[in-house]
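Visitor: My structure is below; once you've seen it, I'll send some questions.
What follows is calculated from the coordinates using simple rules that are stated; it is not laboratory data. Fair warning: this is a prediction, and the values are worked out from it, not measured in the lab. Virtual Cβ from ideal backbone geometry, glycine too; neighbours counted across all protein chains shown.
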Amino acid sequence: MKRRIGFVGIILENKEHVAEINQVISDHSELVLARVGLPMKEADTAGVITLVVEATTDEMGAFAGRLGKIKGISVKSALAKQREPEKTA
């Protein structure tokens with residue numbers, strides 16, 4: 001399968017599971033192209049992490065699935081649509 005660019009968005013409801021989140025991200029570090037973290041000091045949410053990834057659908061499913069099992073966070077992910085090869089005249 002071909003790898004495609006995509007993202008994983010993680011919303012932390014509390015800081016209790018930060019070490020577990022970081023371990024999962026580290027375990028899948030070969031997929032991560034960029035990471036941005038935004039701690040929320042004066043909000044109901046503990047923080048937001050956005051990852052830019054390059055992955056196959058299977059790799060993305062395994063990665064997002066492991067993150068989704070962690071309590072206290074919300075995870076959303078998407079991959080770019082597979083482009084059709086351009087036709088030459």
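Visitor: Can you find a residue that is among the small types (Gly, Ala, Ser), surrounded by 18 or more Cβ atoms within 10 Å (Cβ to Cβ) and more than 10 Å from the chain's Cα centre (by Cα) anywhere in the stretch 63-82? Can you show your working first?
Guide: To start, the set of residues in the stretch 63-82 that are among the small types (Gly, Ala, Ser) comprises 64-65, 68, 72, 74, 77-78, 80.
Subsequent filtering for residues that are surrounded by 18 or more Cβ atoms within 10 Å (Cβ to Cβ) retains 64, 77.
Those left that are additionally more than 10 Å from the chain's Cα centre (by Cα): none.
Looking through the stretch 63-82, none of the residues is among the small types (Gly, Ala, Ser), surrounded by 18 or more Cβ atoms within 10 Å (Cβ to Cβ) and more than 10 Å from the chain's Cα centre (by Cα).
Visitor: Just the residues that are in a helix (DSSP H, G or I), loosely packed, with under 12 Cβ neighbours inside 10 Å and not hydroxyl-bearing (Ser, Thr, Tyr), please, taken from the stretch 23-62.
Guide: Result: GLU30, ASP58.
Visitor: Scan the stretch 1-22 for residues that are touching an Asp or Glu at 6+ places or on another chain (Cβ under 6 Å) and not in a strand (DSSP E or B) and jot them down.
Guide: Scanning the stretch 1-22 gives a single hit, ARG3.
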